[in-house]
Amino acid sequence: MRITPAVPDDLSRLLAFRTEAASWLTRLGSDQWSRPYPADRLLATIEAGTVFMLRHHERTAGTITLTSEAEEGLWSDQELEEPSVFVNKLTIARDYAGENLGGRLLDWAGDRAHRSCAKWLRLDAWTTNTALQHYYLDHGFEHVRTVREGDAINGGPRVSGWLAQRPALPVDHGFADETPPPLPLRV
């Protein structure tokens, strides 16, 4: 399997991923991703070079978005002074469920974060999705805090305020990495 940058032609597949994941989450009793994601915002992240695709032959097995920009209102000013890469929209196609591709994508993200001189790989997860929270804990993340509606910094999050991080470290993820080298983070 190989990791490549997403291109605008991937937009429809990424939107379908989101719909597939939302449907699966609904069957599990979660309202996560129940609102459609705006295609123009997703296209902007593709064009910004922050969306990556996990490809298996001609199929797309997963996707992950990495950014140096934190979601507004979640992390403190002191935390934001530490160079970090933030994980968003990690999604694995249901056909590839159970193969630890999500864990390996997190390893790839941590390795990429390390190569960009980040101290942390950070994420925020759906506040009520305890299964997802346990998934991240099982993959080496430590819970930092849960920010709920109304007590967030600068107005805060809606429903995705479970914050976690793990050190950015070099890892052998086993994927063929066809992405450009990451730029060093500016703090």
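Mind listing the phi-derived Karplus ³J(HN,Hα) values for the stretch 114-130, rounded to whole Hz, using 6.51, -1.76 and 1.60 with θ = phi - 60°, and x for any glycine or proline?
4, 5, 8, 6, 7, 8, 10, 9, 10, 7, 10, 10, 4, 4, 9, 8, 5
If you count the DSSP beta bridges with both ends in the chain, what percent of them are antiparallel, to the nearest 5?
So the antiparallel bridges amount to about 80 percent of the total.
Multiplying the sequence separation of residue 183 and residue 19 by 0.36 nm and subtracting their Cα-Cα distance, what value in nm do you get?
Net length gain for the segment: 55.9 nm.
Values quoted throughout were computed directly from the atomic coordinates according to the rules given, and no laboratory measurement underlies them. Source: prediction; values computed, not measured.
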